[in-house]
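Report on one structure; see the data block that follows.
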Amino acid sequence: MQVAIAEDSVLLREGVARVLDDAGFDVVAECENADDLMAKVRSVPPDVVIMDIRLPPTHNDEGLQAALELRAQHPSVGVLVLSQYVEVGLAMKLLADSAEGVGYLLKDRIGDVNDFVAAVRRVAEGGSALDPIIVSTLLARQRPDDPIANLTPREREVLELMASGSSNQGIADSLVITVRAVEKYVSSIFSKLGLPSTGTESRRVLAVLLYLRS
Amino acid sequence: MRNPDVGAALGEPLVVALLAKWLTVSYILCGLYAWWRRPESRFGPLMVAAGFANFVSTLSWTTNDVTFTLGQALDLLPPVLFMHVFLAFPSGHLRDSFERALVASAYVAAVALQVTRMTFGGFFGPHNLLEITANEDAALLTLRVALLTMSAFCLAAVGVLLLRRRGRRALRRSRVLLVDAFAVGLVMIALLYISAAFDGPAVRQIRWATFATLGLAPLVFLAALLKARLDRSSVGDLFLELHSEPAPGDLRDALARALRDPSLQLAYWLPDYECYADLQGQPVELEDLDGRAITLIDRDGEHVAALIHDPALQDEPELLDSVQAAAGIALENGRLHAELQARLEELRGSRARIVEAAQNERQLLERNLHDGAQQRLIALSLNLSLLKGRVDGDPKIATGIDQARREIAASLNELREIARGIHPAVVSGHGLAVALEQLAARSPVPVDSRVEIDGRLPEQLELAAYYVVSESLTNIAKHAQATTARIDVAKENGELVLEIVDDGIGGADSERGSGLRGLADRVEALNGRLRVWTPRGGGTRVRAEIPCR
């Protein structure tokens, strides 16, 4: 699996490259800035790009703009954005109208090597990876007549994992339950929230996020 | 052309004679009066000269050879003199080298062409001392050339007058009418000459209109001079007006009325800034004023103010002097007002700079945290994680590493909150709308937010707006006991308007005051306003209006 990295801190860039290399990825490009990344992706599109949201020269929104451009121009390339702050507004901007092949994680998550590698793989394969903080912020969001309050604690856990992009298998592994049990929880959650059940896992990510955000 | 005398072209000999006498007498008398009233102006002497030259040209009616020849030679001079007087009104000076060249060549042409014509003899009769040969055809041709040349000069002068009228901003109204009257008079002379040159009919109406214009001109000048005296009575009105202590803003209008110059501008001297400024304290340049004149007003050797006015006022120095004298105290008040405004403006600027400097410091600090400690801690956590994979054997070491990584994660969380508190990088990076979404999502009180802004706004403005919303939501969470809150952000009439309303207990007091004070400072530094309504039991409404530059 081919991966390109854009990160201006050498320390982190090399760290991430090493982790992914160890995990069997083929690191095809290590870039310092967005322009360099875009050029490399154009010449040889990798399976997934890992990029910092704050990139030179101004460290403002070059990273995000590059990510949006990649999503629009190279839909087959997964885009995993790393940031030292996660913002609901940025997540919504990044996802726009699809959660396919996109991820947005706090940079801290790199330290949890196994989870991080799993997230990279998921995004590369067209899935999604949203930082748990985004999901929990949205879940904690206060709303009048909150249907979230009707969920059982277990359903809430499933919802959190589902919203951050985990597959049913992933949820089953995390909670040490069977996939069938996960499926039951998922359909119960959808009916309690009054959402129509959707097909793919990344589609349900978007549905849940939009629901939580509204 | 049976009797091609230029004077006769104007009409019946008796009328011409009377007109000539009238022009001579009235110009000389008006000129003397003007000379006496305004010794510093050259207009008086010019009028006297015009009257005298007119008199000399009437010598052509005498039978003495010398006086006849002299009078005939100067026969074409009167129209040039009218032209000169009209162009030089009211200062007695021509305005630029083009006008001087025009008038000088008109004088030369008037004499030279007439003298040339006289050398061909012809109808001039026996008293013509200049006759060399008798050639009527040549004389007639020269006459035509002379008449057409003179009318061309008159029309050129009309052009100058019209340009002058258009070019200058807001001529005083009486002056505009005069200029129009001069132009009409010169056009009449030109028409008359052209008609005479081609043997055409001397149209009665043109003739009488020309008489009227030329004959009335001295009266008009006299009236203009007398009006200057009348203007001084407007100084009395000014005294009365100033007695009722007008607001500084009304002083200019009062002066404009007293000076009869609606275009008048008033600038005050600010000694500490060593410049002139308007009432709002904005600097006023006294150079390159597009032909307008400046009168500096000083008191006890100190500058007080400057009047920027129609140059025509310079011919009425007494009026300017008495207006200045009348306005003394009021001008001093206006000066103090302007100085206060300039200081306020300066203060506002320095407050904005202080806020901005502090903001830049914080931004730098956040950036250093981001690029330094935060990156290092993440890399450290990553390395520990990799290390753990290589020391599989010893569970104690693995537990220790996990413990260390949890500490690092906690530090990173703390650092993130600190960094966000120092400077919300998301605002600078991604704009107000994105940042407000997170604030609303994180609020423990349900928030209904409507943010209607397209694109980015100036960074300082976005930051101020962010802090207003952030601080208000914090206050609502801590003190308001509200069940819901609403955020409205929109651009209205060039201002960013923020409103944060809750349905809590209201009565926000001083314990919340310091935060609000800081917000007000930020907002006011950007020339904005922050207001808070917080009736007891009636919720709290915070409204900020910040101009978008």
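Quick notes
- Residue within the range B:421-440 that is free of Cβ contacts under 8 Å to residues at least 24 places away in the same chain, within 14 Å of another protein chain (Cβ to nearest Cβ) and over 22 Å from A:LEU212 (Cβ atoms) present: yes
- The numbered conditions (1) charged (D, E, K, R); (2) modelled with pLDDT of 90 or more; (3) farther than 25 Å from A:THR58 by Cα are all true for B:ARG442 except (2).
- Contacts under 8 angstrom Cβ, first residue in the range B:394-419 being over 12 Å from A:ASP108 (Cβ atoms), partner assigned to a loop (DSSP other than H, G, I, E, B), 6 or more apart: B:ILE397/B:VAL391; B:ALA398/B:VAL391; B:ALA398/B:ASP392; B:ILE401/B:VAL391; B:ALA419/A:GLN84; B:ALA419/A:TYR85
- Matching residues, the range B:355-365, being touching a residue at least 24 places away in the same chain (Cβ under 8 Å) and more than 17 Å from B:GLU462 (Cα to Cα): B:LEU365
- For the range B:292-306, a residue qualifies if it is surrounded by 12 or more Cβ atoms within 10 Å (Cβ to Cβ) and out of contact with any helix residue (DSSP H, G or I) (no Cβ under 7 Å at 6 or more places or on another chain), and the qualifying residues are B:ILE294, B:LEU296, B:ASP298, B:HIS303, B:ALA306.
- Residue in the range B:242-261 that is modelled with pLDDT of 75 or more and among the polar types (S, T, N, Q) present: no
- Where a residue in the range B:309-333 is in the same structural domain as B:LEU266 (by TED's automatic domain parsing) and its partner, wherever it lies, is small (Gly, Ala, Ser) and in a helix (DSSP H, G or I), with Cβ under 6 Å and at least six apart: B:GLU316/B:ALA228; B:VAL323/B:ALA258
- Within the range A:125-163, the set of residues being outside any helix (DSSP H, G or I), without any contact (Cβ under 8 Å) to a residue 40 or more places away in the chain and within 12 Å of A:VAL205 (Cα to Cα) is empty.
- Qualifying residue in the range B:467-481 (condition: within 14 Å of chain A (Cβ to nearest Cβ) and among the aromatic types (Phe, Trp, Tyr)): no
- Scan of the range B:370-396 for residues that are of a type in the set (Val, Ile, Thr) and either surrounded by 14 or more Cβ atoms within 10 Å (Cβ to Cβ) or within 13 Å of chain A (Cβ to nearest Cβ) (or both), ordered by number: B:ILE378
One line per residue, one yes/no per condition, for (1) touching a Pro at 6+ places or on another chain (Cβ under 6 Å); (2) closer than 30 Å to B:GLN265 by Cβ; (3) in a helix (DSSP H, G or I):
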{"residue": "B:LEU286", "(1), (2), (3)": "no, yes, no"}
{"residue": "B:ALA312", "(1), (2), (3)": "no, yes, yes"}
{"residue": "B:ALA338", "(1), (2), (3)": "no, yes, yes"}
{"residue": "B:ILE354", "(1), (2), (3)": "no, no, yes"}
{"residue": "B:ALA379", "(1), (2), (3)": "no, no, yes"}
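- Residue check, B:LEU415 more than 26 Å from B:ALA373 (Cβ to Cβ) and within 10 Å of chain A (Cβ to nearest Cβ): no
- The range B:409-509 holds no strands (runs of 3 or more DSSP E) entirely within its bounds that carry 3 or more residues that are crowded, with 21+ Cβ neighbours inside 10 Å, at positive phi and touching a helix residue (DSSP H, G or I) at 6+ places or on another chain (Cβ under 9 Å).
- Residue within the range A:32-45 that is within 11 Å of chain B (Cβ to nearest Cβ) and of a type in the set (A, V, I, L, M, F, W, C) present: no
Yes/no per residue for (1) under 17 Å from B:VAL434 (Cβ atoms); (2) under 49 Å from the mean Cα position of the chain (by Cα):
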{"residue": "B:ARG450", "(1), (2)": "yes, yes"}
{"residue": "B:LEU461", "(1), (2)": "yes, yes"}
{"residue": "B:ALA482", "(1), (2)": "no, no"}
{"residue": "B:VAL489", "(1), (2)": "yes, yes"}
{"residue": "B:GLU492", "(1), (2)": "no, yes"}
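- Matching residues, the range A:88-147, being farther than 29 Å from B:ARG406 by Cβ, away from chain B (no Cβ under 14 Å) and surrounded by fewer than 24 Cβ atoms within 10 Å (Cβ to Cβ): A:ASP97, A:SER98, A:GLU100, A:GLU125, A:GLY126
- In the range B:455-475, the residues that are out of contact with any strand residue (DSSP E or B) (no Cβ under 8 Å at 6 or more places or on another chain), free of Cβ contacts under 8 Å to residues at least 60 places away in the same chain and closer than 22 Å to B:ASN527 by Cα: B:GLY455, B:ARG456, B:GLU459, B:GLU462, B:TYR466, B:TYR467, B:SER470, B:GLU471
- Residues in the range B:343-369 that are away from chain A (no Cβ under 14 Å), within 16 Å of B:GLY421 (Cα to Cα) and not hydrophobic (A, V, I, L, M, F, W, C): B:GLN359, B:ASN360, B:GLU361, B:ARG362.
- Filter result for A:GLU100 (in a loop (DSSP other than H, G, I, E, B) and either modelled with pLDDT of 90 or more or within 14 Å of the chain's Cα centre (by Cα) (or both)): yes
The values are calculated or read from the model by the stated rules, or taken from the named source; none is laboratory data. What you see is a predicted model, and the numbers here were worked out from it, not measured in a lab. Glycine gets a Cβ as well: all are built from the backbone with ideal geometry, and neighbour counts include every protein chain shown.
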